[in-house]
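The values are calculated or read from the model by the stated rules, or taken from the named source; none is laboratory data. It should be emphasised that the depicted structure is a prediction, and the values quoted were computed from it without experimental measurement. We place every Cβ from the backbone using ideal geometry, glycine too, and count neighbours over all the protein chains shown. Accessible surface areas use protein heavy atoms only, side chains included; no ligands, DNA or RNA. Shrake-Rupley method; radii C 1.70, N 1.55, O 1.52, S 1.80 Å.
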Amino acid sequence: MSPISGSLQITTIVLAVLAALATWFLWNRLPGPRSLRLLQRAGLLVFGELMAAMAILVWVNISNGGLVVSWQDLLGNQSTRGGVFSGQQGAVTLEPKAAEPAANSVAASGAGFIKATFHKAGDDFRQTTFRGPVSGITSKVYVWTPPQYAAEPHTYFPVLELLHGVVGSPDGWMGPMNVVAHLEAAEGSAKVFPYILVVPEVTPVSGHTSAWDNEECSDVPGDANVDAWLTQDVRGMVIDDFRAEPAADAWGLMGYSTGGFCAAKLVLQHPDRYKAAVSLSGYYEPDSYELSTDEELDHANSPLWLISHTSTPAVSLLMTASAQDQVDPAAETAQMIAAAKANPLARATEVQSFVAPLGGGHNQSAWEKMLPTAFTWLSQRLTGPTS
């Protein structure tokens, strides 16, 4: 039985009911001295609570489309920390595409020099909290620089802006996703650049951190300008405070789940700031009522609508998925590719998809497996370090 099977759900419900009945029937029939009876009663209560909790957890997992779809996934036995998992190489055709200088590249936010104060955080990241001069948002940003950054003091580096899911936080990239270990392992192939990694807070507005009420990385009139926070304030701070290449063809986006939605839409909306993006198990139409209840906002921030109805820019988008993901299934990436092919105005946009051969549910264990492909693909489309 898998964690998403109907038989497991029925079994856990039956066990929970039997545990409750056993507690009721045996409570006053337990043999032995008083101390032993107390211990047995405690055991019955604990067992009953565990069975009830398991039934609830299985129901939540299944009703949410299968966040965990295998026991290996649940136990973390498919972790790929610091390496390439079996079946990764050759699983997708990665076609080298020389990066071209982006038109109208912006060198900074345009809002004046931003000097941020950093302190150490986990996994060798540095953390800062600053107020964005464009968006007016105050929130956290984490930055990691590769070892080459200190060793080559006159070199400027490309940047990957990493976007987390909702509900979630930047910690997801630094902990469960093992992003630094995977990047450093991928660099060993000589096909992947050393990047500056930037992990901003995707839900910086207090009280707007759930899947149904966050801004989904968009500027929402009368609410908050999260697009400006991510694409101007954070970007400008990194360019001002680090040796980061300012041109769009040195900047990439990558996100998982809601962060994948954000990466896909922001690269289409801001080709003057980003050249390529990877969506890890993302979706491609707004979910939050902040956008979906307003048709104009919904269309303007929907990657599917943009790729279907507008003249989209010369940027690259890779959409990855797990074959086992029932929350944001691989069919959504196929819909995006079909829409791009059907719209003559979208021919300038390169759209590709990749289904991970060793997937998992809609969780970070599955997304971690997609990182080696993502890093290689991005390095084929972005420019590398320059002196």
Exercise. With a 10 Å radius around each residue's Cβ, average the other Cβ atoms per peptide and rank 245-253, 346-354, 325-333, highest first.
Key: 245-253, 325-333, 346-354
Quiz item: In nm, what is the difference between 0.36 nm times the number of residues separating T209 and T310 and their Cα-Cα distance?
Solution: 33.4 nm
Practice problem: Return a whole-number percent for the relative contact order of the stretch 137-217, with Cα pairs under 8 Å and 6 or more residues apart as the contact set. | Solution: 44
Quiz item: Can you put F47, F193, F261 in order of accessible area, largest first, using a 1.4 Å probe?
Solution: F47, F193, F261
Quiz item: Highest mean first, what order results for 297-309, 126-138, 229-241 on Cβ atoms within 10 Å?
Solution: 229-241, 297-309, 126-138
Quiz item: Can you pull the percent of the stretch 2-47's accessible area that's carbon plus sulfur, 1.4 Å probe, other chains left in place?
Solution: 75
Exercise. Place the peptides 379-387, 24-32 in order of packing, highest mean first, counting for every residue the other Cβ atoms within 10 Å and averaging per peptide.
Key: 379-387, 24-32
Quiz item: Can you list the lysines whose alpha carbon is less than 25 Å from that of K369, not counting same-chain residues fewer than 8 positions off?
Solution: K97, K191, K265, K275
Exercise. Apply 1/(1 + (r/R0)^6) to the Cβ-Cβ distance of A20 and V327, taking R0 = 45 Å, and write down the FRET efficiency to the nearest 0.05.
Key: 0.90
Practice problem: Kindly sort I10, I114 by accessible area of their heavy atoms, largest first, with the probe set to 1.4 Å. | Solution: I10, I114
Quiz prompt | Förster radius 56 Å - calculated FRET efficiency between A53 and T117 (Cβ-Cβ, nearest 0.05) | solution = 0.80
Quiz prompt | Inter-label distance, nm, simple model (7 Å from Cα along the C-beta direction), K191/K341 | solution = 2.5
Quiz prompt | Relative contact order computed over the stretch 117-257 (Cα-Cα under 8 Å; 6+ residues apart), in percent | solution = 31
Self-check item: Spin-label pair A181/V46, simplified geometry with 7 Å Cα→Cβ offset, distance in nm
Solution: 3.2
Practice problem: Using only C-alpha atoms and all pairs of different ones, pull out the Kirkwood radius for the stretch 230-387 in Å with one decimal. | Solution: 15.9
